[in-house]
Amino acid sequence: MLVLSLFLLTSCTDDKKTVRLTLAHTLDTRHVVHQAMEYMAERLAFYSNGTMEIVIYPGGQLGSERELIELLQIGSLSITKVSASPLEGFVPEMKVFGIPYLFRDSEHFWRVLKSDLGTDLLNKVSTARLKGLGYYDAGSRSFYTTNGAINTPDDLIGKKIRVLNSPTAVATVQALGGAAAPIAWGELYAALQQGVVDGAENNPPSYYLSRHYEIAKYYSLDEHTFVPDVILASLEVWNSLNNEQQQWLTQAMADSVEYQRSLWQNASDEALKAVIAEGVQVTYPDKQAFQDKVADFHASFADTAVAAHIKKIKSM
């Protein structure tokens, strides 16, 4: 109730002159996504001449990604960051981002995000009382484990891997031969430590900043998926803004996207250097074996709502 009462004051400060937007996410403050959000706040203050501000609550202070989405839906939170995968439950077409080896590389991935298809997917979240503001780069996701590297799909057999709360993420690990376990991000360190799971999958900055490398010392860069982070606003809060305020927020978001992209590759490279220095064994598996293993999984989407999206993405 304290949290809800705090966010019922989302729209304005006490003097009714400055619009205050509350933003919450689950990441470490050292993460480039947090830095990009701070930049968005700076740009919004600039464009609005100080009449709008963003107050950020990082590190899961206000709940998990699912809980933050629910706060957006009732208008008790203004903005959050979630991975695209959990949005499958709201927008089924979002599952295209979780299909393994659909994107050839980062350039291909961003070509899709900046296309009409990427915009269309972002706009579809309105059906869930959400407003899609933009995408952030979350790199590629790879496996890290506590006992032996994942250099071939067979290495996943008998291993329980934490995945995002997404049916497609679960099916991907199963298609590769492992067992999938959706676990909240904030609970994963303990799950690795206690042997509840044998590993997980994520990008280098998240693997490093979460300190999961302290337990899971094997990082296999198979790069099976490119799943963007999605910046969402409460549709209720968005509709409470006038046209000029919406334009300022849209431009501040666009500025932060470019800023975050400029930081991402360096952050990823530095994270890999840091975990190697901590004794992590980083390997680069032959991706062909993994791609062959998920061929039937790709084919299973032939008669689904995302079939046309898959075809369009592959043709780009």
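Filtering segment 42-68 to residues that are crowded, with 17+ Cβ neighbours inside 10 Å, touching a strand residue (DSSP E or B) at 6+ places or on another chain (Cβ under 6 Å) and under 17 Å from residue 25 (Cβ atoms) leaves 44, 54, 56, 57, 62, 65, 68.
Say whether the condition of being of a type in the set (A, V, I, L, M) and closer than 17 Å to residue 269 by Cα is met by at least one residue in segment 178-191. Spell out how you get there, then give the answer.
From segment 178-191, those of a type in the set (A, V, I, L, M) are 179-181, 183-184, 188, 190-191; that's our starting set.
From what's left, closer than 17 Å to residue 269 by Cα: none.
No, because not a single residue in segment 178-191 is of a type in the set (A, V, I, L, M) and closer than 17 Å to residue 269 by Cα.
Residues in segment 214-225 that are within 17 Å of residue 272 (Cβ to Cβ) and either at pLDDT below 95 or open to solvent by 10 Å² or more (accessible area, probe 1.4 Å) (or both): 214, 217, 218, 221, 223.
Applying the condition of being under 16 Å from residue 65 (Cβ atoms), in contact (Cβ under 8 Å) with a residue 40 or more places away in the chain and not in a helix (DSSP H, G or I) to segment 81-128 and asking which residue is most open to solvent (accessible area, probe 1.4 Å) yields 90.
Against the numbered list (1) over 22 Å from the mean Cα position of the chain (by Cα); (2) open to solvent by less than 50 Å² (accessible area, probe 1.4 Å); (3) charged (D, E, K, R), residue 273 comes up short only at (2). In this structure, residue 223 qualifies as in contact with a strand residue (DSSP E or B) (Cβ under 8 Å, 6 or more places away or on another chain), touching a residue at least 60 places away in the same chain (Cβ under 8 Å) and not aromatic (Phe, Trp, Tyr). For segment 276-312, the tally of residues that are open to solvent by 90 Å² or more (accessible area, probe 1.4 Å), farther than 27 Å from residue 144 by Cα, in a loop (DSSP other than H, G, I, E, B) and touching a helix residue (DSSP H, G or I) at 6+ places or on another chain (Cβ under 7 Å) stands at 0.
Please go through segment 33-75 and give me each residue that is of a type in the set (Ser, Thr, Tyr) and modelled with pLDDT of 95 or more, ordered by number. Full working, then the answer.
Here is the first cut: in segment 33-75, the residues of a type in the set (Ser, Thr, Tyr) are 39, 47-48, 51, 57, 64.
Selection gives 39, 47, 48, 51, 57.
Here residue 152 clears all of (1) modelled with pLDDT of 95 or more; (2) over 19 Å from residue 99 (Cα atoms) except the condition numbered (2). Within the set 207, 189, the sole residue that is part of a helix (DSSP H, G or I) and either in contact with a strand residue (DSSP E or B) (Cβ under 9 Å, 6 or more places away or on another chain) or at pLDDT below 95 (or both) turns out to be 207. Taking the conditions (1) open to solvent by less than 10 Å² (accessible area, probe 1.4 Å); (2) more than 24 Å from residue 77 (Cα to Cα); (3) not aliphatic (A, V, I, L, M) in turn, residue 234 satisfies each one other than (2). When 246, 265, 251 are checked against the criterion of being polar (S, T, N, Q), in contact (Cβ under 8 Å) with a residue 40 or more places away in the chain, part of a helix (DSSP H, G or I) and surrounded by 13 or more Cβ atoms within 10 Å (Cβ to Cβ), 251 stands alone in meeting it.
For residue 30, the stated conditions do not hold, so it cannot be described as part of a helix (DSSP H, G or I), among the charged types (D, E, K, R), open to solvent by 50 Å² or more (accessible area, probe 1.4 Å) and at pLDDT below 95. Using the structure shown, decide if residue 241 is open to solvent by less than 50 Å² (accessible area, probe 1.4 Å) and either among the basic types (Lys, Arg) or over 19 Å from residue 119 (Cα atoms) (or both). So residue 241 fits the description; yes. Whenever a residue of segment 58-79 is closer than 8 Å to residue 234 by Cα, its partners that are assigned to a loop (DSSP other than H, G, I, E, B) and of a type in the set (Lys, Arg), lying with C-beta atoms within less than 6 angstrom and at least six residues away or across chains, give the pairs 73/129.
When restricted to residues that are in a strand (DSSP E or B) and under 16 Å from the mean Cα position of the chain (by Cα), segment 144-185 contains 3.
The values are calculated or read from the model by the stated rules, or taken from the named source; none is laboratory data. Bear in mind the structure is a predicted one, so any value in this text is a computation, not a measurement. Cβ: placed from backbone, ideal geometry, glycine included. Neighbour counts: every protein chain shown. When the accessible area is computed, the model is the full protein with side chains, heavy atoms only, and any ligands, DNA or RNA have been set aside. Shrake-Rupley method; radii C 1.70, N 1.55, O 1.52, S 1.80 Å.
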